[in-house]
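So the structure is just underneath, and the comments pick up after that.
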Amino acid sequence: MRSKRALSTAYSKQGIKGALSHVSGRLFGLPRYLRNASTIDFRYANLKPTKTIEDFIVELLPGYNKNLISKSVAIAKKIVDGLNTKKIPELKAPERWNSGKDLQYILAAIVLITKPGIVVETGTANGASASAIASALRKNKRGILLSFDITELDPVLISPDLRSWVKLIKTDGSPDSLDKEIRKYSITESSLFLHDADHSYLGQFSDYEIAKKLSFGLILSDDIDSSLAFSDFARNKGVVYYDAPKFIGGVRSRSL
């Protein structure tokens, strides 16, 4: 099934040439649309590497004062670290599905800085990233997080006091379903989109395309090393940060 989806993706992106390349890869080596991305791929795609959270955000938000960014990161760390001191309930989804702490810092800091009215994430899982986002929204006293997942898992890391800042939405996993639901809301340049769901090439690329089409100001993605989708999508424009043991990618949608 995954192979058929990859072949369909190859054809939709590059026509007959892409399909033939995929098939030949299946016969003689690892197909491009099934393999993981590496730092070499990021380099070839001219994605800008960053070494700190502050540098990552500075590259994504060039119009904002660096001192403001540094102060917001410091506040974000206090917020997220405060969440992590609470007693952790029994998780409903595997712990490895939780976002890394640095991604939580980045999300909270960006929300504090840009003050979005709408934030979208695909992939709720236990609610680790949703909790960081919701905490920053509450600090701003505005905004809502739309968190999409194909299951009805209880995101236990979103505490009761943060639930009013989050709307959990079950989707069938199709791009059309996601697109239809998001269109019910007003998306602006400050709106933030986070992909952290299906990490196949098709799953990632389709989310990125929806975010761009709907004019989200920023597109972030966890696990960009899971496929070549982010490298292809954000080529020459994207920013990369290493959040052990995976990579985070970000791009300003309107720069594409």
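Using the Kirkwood radius built from alpha carbon pairs, what does the Stokes-Einstein equation give as D for segment 120-162 at 37 °C and 0.692 mPa s, in µm² per second? Present the calculation step by step, with values, prior to reporting the outcome.
Values: Rh = 10.5 Å.
Roughly 313 µm²/s, to the nearest whole number.
If you take all other residues with their beta carbon under 14 Å from the beta carbon of Arg163, and give Lys and Arg +1 and Asp and Glu -1, the sum is 0.
Shape verdict for segment 109-256, please, from the Cα gyration tensor: rounded (a/c under 1.5), prolate (a/b greater than b/c) or oblate. The shape class here is rounded.
Applied to segment 150-160, the Karplus parametrisation 6.51 cos²θ - 1.76 cosθ + 1.60 on θ = phi - 60° returns per-residue 3J(HN,Hα) values of 8, 10, 10, 4, 7, x, 5, 7, 8, 5, x Hz, with x for Gly and Pro.
Convex hull volume of the C-alpha atoms in the chain, normalised per residue: 124 Å³. If R0 equals 30 Å, the separation of the Cβ atoms of Glu90 and Asn140 corresponds to a calculated FRET efficiency of about 0.45. Per-residue 3J(HN,Hα) values for segment 44-61, derived from phi via the Karplus relation 6.51 cos²θ - 1.76 cosθ + 1.60 with θ = phi - 60°, read 5, 7, 6, 8, 7, x, 10, 9, 10, 4, 4, 4, 4, 6, 4, 5, 7, 10 Hz in sequence order (x marks Gly and Pro). If the cut-off is a Cα-Cα distance under 19 Å, which aspartates and glutamates reach Lys66, setting aside same-chain residues fewer than 8 apart in sequence? Partners found: Glu54, Asp55, Asp102. Peptides 63-75, 237-249, 44-56 ranked from most to least packed by the mean count of surrounding Cβ atoms within 10 Å: 237-249, 44-56, 63-75.
Scanning residues 5 or more positions from Leu47 or on other chains, those with amide H under 5 Å from its amide H are Asn236, with H placed 1.01 Å from N in the peptide plane.
Suppose only helical runs count, i.e. DSSP H with n ≥ 4. What mean residue ellipticity at 222 nm does that imply for the chain under -39500 (n - 2.57) per run, divided by all residues and rounded to the nearest 500 deg cm²/dmol?
Values: 9 runs with 112 residues, N = 256.
It comes out at -13500 deg cm²/dmol, rounded to the nearest 500.
Only protein atoms count toward the accessible area here, which uses a 1.4 Å probe; on segment 123-256, the carbon and sulfur part of that area reaches 49 percent.
How would you classify segment 42-111 from its alpha-carbon gyration tensor, with a ≥ b ≥ c the square roots of the eigenvalues: rounded for a/c under 1.5, else prolate if a/b is greater than b/c, otherwise oblate? Mind showing how you got there, number by number?
Numbers: a/c = 3.50, a/b = 1.44, b/c = 2.44.
It is oblate, given that a/c is not under 1.5 and a/b is not larger than b/c.
Here the spin labels are modelled as points 7 Å beyond Cα on the Cα-Cβ line, and at Lys213 and Lys237 they lie 1.6 nm apart. Per-residue Karplus couplings for segment 218-227, computed as 6.51 cos²θ - 1.76 cosθ + 1.60 with θ equal to phi - 60°, are listed in order as 10, 10, 10, 8, 8, 6, 6, 7, 6, 7 Hz, Gly and Pro entered as x. Sketch the reach of a paramagnetic label on Ser8 as a point 7 Å from Cα along Cα-to-Cβ, and name the residues of segment 195-227 whose backbone nitrogen lies under 16 Å away. Taking a point 7 Å out along Cα→Cβ of Ser8, the residues of segment 195-227 whose backbone N falls under 16 Å are 198-207.
About the Cα centre, and with charges only on the beta carbon of Lys, Arg (+1) and Asp, Glu (-1), how big is the dipole of the chain? Nearest 20 debye, please. Walk me through the numbers on the way to the answer.
Values: 38 positive and 27 negative charges, 103 e Å.
Here the size comes out at about 500 debye.
Taking packing as the residue-averaged number of other Cβ atoms within 10 angstrom, the listed peptides 114-124, 133-143, 165-175 run from highest to lowest as 114-124, 133-143, 165-175.
The values are calculated or read from the model by the stated rules, or taken from the named source; none is laboratory data. Predicted model only: the values in this text are computed from it and were never measured. Every residue, glycine among them, receives a Cβ derived from its backbone with ideal geometry; neighbour counts consider all protein chains shown. Keep in mind that these areas ignore ligands, DNA and RNA; they rest on the heavy atoms of the full protein, side chains included. Shrake-Rupley method; radii C 1.70, N 1.55, O 1.52, S 1.80 Å.
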